[in-house]
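Heads up, the thing below is written out as structure tokens.
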Amino acid sequence: MSESLSAGPILLFDGVCNLCHAAVRFVLRHDREAVFRFAPLDSEIGRRLMADRFPDGDPPDSVILIEDGQLRVRSEAALRIARRLGGPWSALWVLRLLPTWMRDRVYDAVARNRYRWFGRMDACPSPDARVRDRFLA
């Protein structure tokens, strides 16, 4: 992995999901240290990062966090992102005390219904010029 890809956490997200875009905007707004970088899962860089980790095919249909060389998915990724944001969001880290299967069941229910509940776009929109340098794709 190149130096630019190994520095700081990378959040991979569904590029056409309205809920995912709202989550990315939320992270951008609350990431005071600007440590997170972003790429749509279906972008060239997203596919390349996933091919390295899922050589047999299907990556999870989830938010994916790559941090310190480790891949985190589903509720684990979401909780690590919240903790990294600091402030009141880091209090969500206490949810790690719940069993993973329980957290992921809730996560999966939202993920399964995200297009129906929140809608989807025809294409991934371009990031705002102020934060474009934080997007890898």
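The values are calculated or read from the model by the stated rules, or taken from the named source; none is laboratory data. Please read all numbers here as calculations on a predicted model, not as lab measurements. Cβ placement follows ideal geometry from the backbone for every residue including glycine, while neighbour counts extend to all protein chains displayed.
With the condition kept exactly as written, say whether any residue in the stretch 89-97 is within 15 Å of the chain's Cα centre (by Cα) and surrounded by 11 or more Cβ atoms within 10 Å (Cβ to Cβ). No - not one qualifying residue is present in the stretch 89-97. Taken over the stretch 115-125, the criterion of being more than 15 Å from D42 (Cβ to Cβ) and either outside any helix (DSSP H, G or I) or in contact with a Leu (Cβ under 7 Å, 6 or more places away or on another chain) (or both) is satisfied by F118, G119.
All of R74, R103, R134 fail the test of being at pLDDT 90 or above, under 22 Å from R32 (Cα atoms), surrounded by 18 or more Cβ atoms within 10 Å (Cβ to Cβ) and among the basic types (K, R), apart from R134. Test L79 against the stated conditions and say whether it is under 16 Å from P9 (Cα atoms) and at pLDDT below 90. Considered against the rule, which asks whether it is under 16 Å from P9 (Cα atoms) and at pLDDT below 90, L79 comes out as no.
Examine the stretch 88-101 for a residue that is closer than 24 Å to G8 by Cβ, of a type in the set (S, T, Y) and not in a loop (DSSP other than H, G, I, E, B), and state whether such a residue exists. So far as the stretch 88-101 goes, yes, one or more of its residues are closer than 24 Å to G8 by Cβ, of a type in the set (S, T, Y) and not in a loop (DSSP other than H, G, I, E, B). L28 falls short of the stated requirement of being under 18 Å from R134 (Cβ atoms) and buried (at least 20 other Cβ atoms within 10 Å of the Cβ).
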